[in-house]
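One structure below.
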Amino acid sequence: MNKTVDILKDVNKFQKCNHFPGVFQIGRKDNLCRNISRLRRVHKYQYDICPQTYLLPEDFNRFNIDRAVKQSVFLSLSRMIIKIVCGF
C-alpha cells in the first residue's frame, strides 16, 4: 500500500491531520488555475467558475492578445491584481 495511506491508518482518534497528499493542487492559486483551465478545455462551460486568469510569465502572450482584443474592457478597469507564482 501507499506509505501515506499506511501513516494515516495509524492516526489515533484524538489526532488531527493538517495536510493531505496532493492538497497543493487546490491550495496554491497557480496550480488551481492550471487545473481549472484544464477542466475548461475538456468540459467547456461547466467549469466557468472563476474569471479569466493569466499565469505570468508563461501566459504573457495570451494576456497581450486578449488585452488587445478587449482593449475597451481593460481600459475601464482601474486596477489589476498581479501575483508572482511560487518558485519551489
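Kindly state, to the nearest 0.05, the FRET efficiency for residue 15 paired with residue 48, given R0 = 41 Å and r defined as their beta-carbon distance.
Working: r = 40 Å, r/R0 = 0.96.
Efficiency at R0 = 41 Å is approximately 0.55.
Across segment 52-63, rounded Karplus estimates of 3J(HN,Hα) from the backbone phi angles (6.51 cos²θ - 1.76 cosθ + 1.60, θ = phi - 60°) give 4, 10, 10, 9, 8, x, 5, 9, 4, 5, 5, 4 Hz, Gly and Pro being marked x.
Taking a straight Cα-Cα cut-off under 21 Å and skipping sequence neighbours fewer than 8 places away in the same chain, the lysines within cross-link reach of residue 3 are 13, 16.
Every number in this text was worked out from the coordinates using simple rules, so none of it is lab data. Remember, it's a predicted structure, so these values are computed and weren't measured experimentally. Reconstructed Cβ throughout: ideal geometry from the backbone, glycine too, with neighbour counts over all protein chains shown.
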